[in-house]
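S.K.: So that we are looking at the same thing, I have put the structure below in structure tokens.
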Amino acid sequence: MRLRTKEYEAYLFILPALSMLIVILGFPFVMAILMSLNLAWVKSSLLGFTFENYSRLFRDRVFYNDLIVTFSFVVSTVGFHLLLGLGVALLLNMEIKAKRFFRVAAILPWTIPDVIAGLIWRFMFDPLSGIINSVLARLNLIQLPITWLSDARLALPSVVFAEVWRGYPFVMLLLLAGLQSIPQGLYEAAEIDGASAWKRFWYISLPNLSRIIMIAFTLDFIWECRRFGLVYNMTGGNPGHATEVLSLYVYKNYFVFFNFGYAAAIAVVLALIMMLISFPYLKASMKEL
């Protein structure tokens, strides 16, 4: 009886947080599904259960373009976040002078909201008054200003560059915590056996970081799929649809074109993609419970 009472007490403790999650996340998700099926918050002439909004996705060239743009953006940013985050984490894990200062400096980009970061980088990429063209011109690397955000070939890489700078500290923090949890004795034993720095990294650091890397990849992938503020403030999806990610397409359909049901359908599909990506992480987490 006492064990059952303790179990009930545990459920009571998590009940407030669970209720908040249901209200904040569950209700909007359910309403999005209903809206996508034309069952809620739609014009009276469209009332009635239908999959028209989902079938429209297969005919929408803009949706396919934005899906490719989103995939390119997410894969690029997450990949660079992992590479840069791991590199910086390895450096900050070393015994160097002013280590605390460098750790704080490395975290600073992550403290800037993506909306503000988008504005900062838009001004920095400005072809006339931006600091990037100014520095390149002073180094005699360019003769004419480069229209970073107006060129369809350069706009997406520019946005990716800005998001890599802003978002890598999150991955870096996770990997740094993982590196510090590895017993130092493993490295000392490997060094005594004559293992090089590369072998110590390959056979000790990476295997012990595998779970942290999976967590960082999953969470970062989900968050980058939802990235909106930085892209909106840097390019607004322009030029054309060259930088228009799916979250921006949802915004435009809902708040600009007032296609509520179609916007909800896109959001539901994006949510399903993120759920599929997060499934391996959830499966691994459930095994440990």
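The values are calculated or read from the model by the stated rules, or taken from the named source; none is laboratory data. Fair warning: this is a prediction, and the values are worked out from it, not measured in the lab. Backbone-built Cβ (ideal geometry, glycine too); neighbour counts: all protein chains shown.
The rows are residues; the columns are (1) in a loop (DSSP other than H, G, I, E, B); (2) over 24 Å from the mean Cα position of the chain (by Cα); (3) among the acidic types (Asp, Glu).
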position: 35; (1), (2), (3): no, yes, no
position: 55; (1), (2), (3): no, yes, no
position: 66; (1), (2), (3): no, no, yes
position: 75; (1), (2), (3): no, no, no
position: 81; (1), (2), (3): no, no, no
position: 95; (1), (2), (3): yes, yes, yes
position: 110; (1), (2), (3): no, no, no
position: 120; (1), (2), (3): no, no, no
position: 123; (1), (2), (3): no, no, no
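S.K.: Read through the list (1) surrounded by fewer than 20 Cβ atoms within 10 Å (Cβ to Cβ); (2) in a helix (DSSP H, G or I); (3) among the small types (Gly, Ala, Ser), then give the number of the only condition that residue 236 fails.
M.R.: That leaves (2) as the condition not met.
S.K.: Please pick out the residue among 158, 210 that is part of a helix (DSSP H, G or I), out of contact with any Leu (no Cβ under 7 Å at 6 or more places or on another chain) and over 17 Å from residue 92 (Cα atoms). Outline the logic, then answer.
M.R.: On the way: 158 fails: out of contact with any Leu (no Cβ under 7 Å at 6 or more places or on another chain).
After ruling out the rest, the residue left standing is 210.
S.K.: Failed condition for residue 32, given (1) at pLDDT below 85; (2) within 22 Å of residue 268 (Cβ to Cβ), with all others met?
M.R.: Just one mismatch for residue 32, condition (1).
S.K.: Would you confirm whether any residue within the range 74-90 is among the small types (Gly, Ala, Ser), within 22 Å of residue 169 (Cα to Cα) and in contact with a Phe, Trp or Tyr (Cβ under 6 Å, 6 or more places away or on another chain)? Working first, answer last.
M.R.: Filtering the range 74-90 down to residues among the small types (Gly, Ala, Ser) leaves 76, 79, 85, 87, 89.
Of the ones still in play, those that are also within 22 Å of residue 169 (Cα to Cα) are 76, 79, 85, 87, 89.
Now restrict to residues that are in contact with a Phe, Trp or Tyr (Cβ under 6 Å, 6 or more places away or on another chain): 85.
Within the range 74-90 (the criterion being among the small types (Gly, Ala, Ser), within 22 Å of residue 169 (Cα to Cα) and in contact with a Phe, Trp or Tyr (Cβ under 6 Å, 6 or more places away or on another chain)), the answer is yes, since at least one residue qualifies.
S.K.: Listed residues 254, 232; which is in contact with a Phe, Trp or Tyr (Cβ under 7 Å, 6 or more places away or on another chain), under 20 Å from residue 62 (Cα atoms) and among the aromatic types (Phe, Trp, Tyr)?
M.R.: Matching residue, one of 254, 232: 254.
S.K.: Just give me the residues in the range 121-160 being surrounded by 18 or more Cβ atoms within 10 Å (Cβ to Cβ), without any contact (Cβ under 8 Å) to a residue 40 or more places away in the chain and not aliphatic (A, V, I, L, M), in sequence order.
M.R.: Within the range 121-160, 130, 133, 148 qualify.
S.K.: Hey, can you tell me all the residues within the range 196-238 that are in contact (Cβ under 8 Å) with a residue 12 or more places away in the chain and over 20 Å from residue 81 (Cα atoms)?
M.R.: 200, 203, 204, 232, 233, 235, 236, 237, 238
S.K.: Of 195, 190, 152, 137, which residue is under 29 Å from the mean Cα position of the chain (by Cα) and either hydrophobic (A, V, I, L, M, F, W, C) or outside any helix (DSSP H, G or I) (or both)? Give the derivation first.
M.R.: Numbers: 195 fails: under 29 Å from the mean Cα position of the chain (by Cα); 190 fails: under 29 Å from the mean Cα position of the chain (by Cα); 137 fails: under 29 Å from the mean Cα position of the chain (by Cα).
Selected residue: 152, the only one of 195, 190, 152, 137 that is under 29 Å from the mean Cα position of the chain (by Cα) and either hydrophobic (A, V, I, L, M, F, W, C) or outside any helix (DSSP H, G or I) (or both).
S.K.: Still on this model: Do we find that residue 48 is modelled with pLDDT under 95 and at positive phi in this structure?
M.R.: Details: modelled with pLDDT under 95: yes; at positive phi: yes.
Judged against the criteria, residue 48 is a match.
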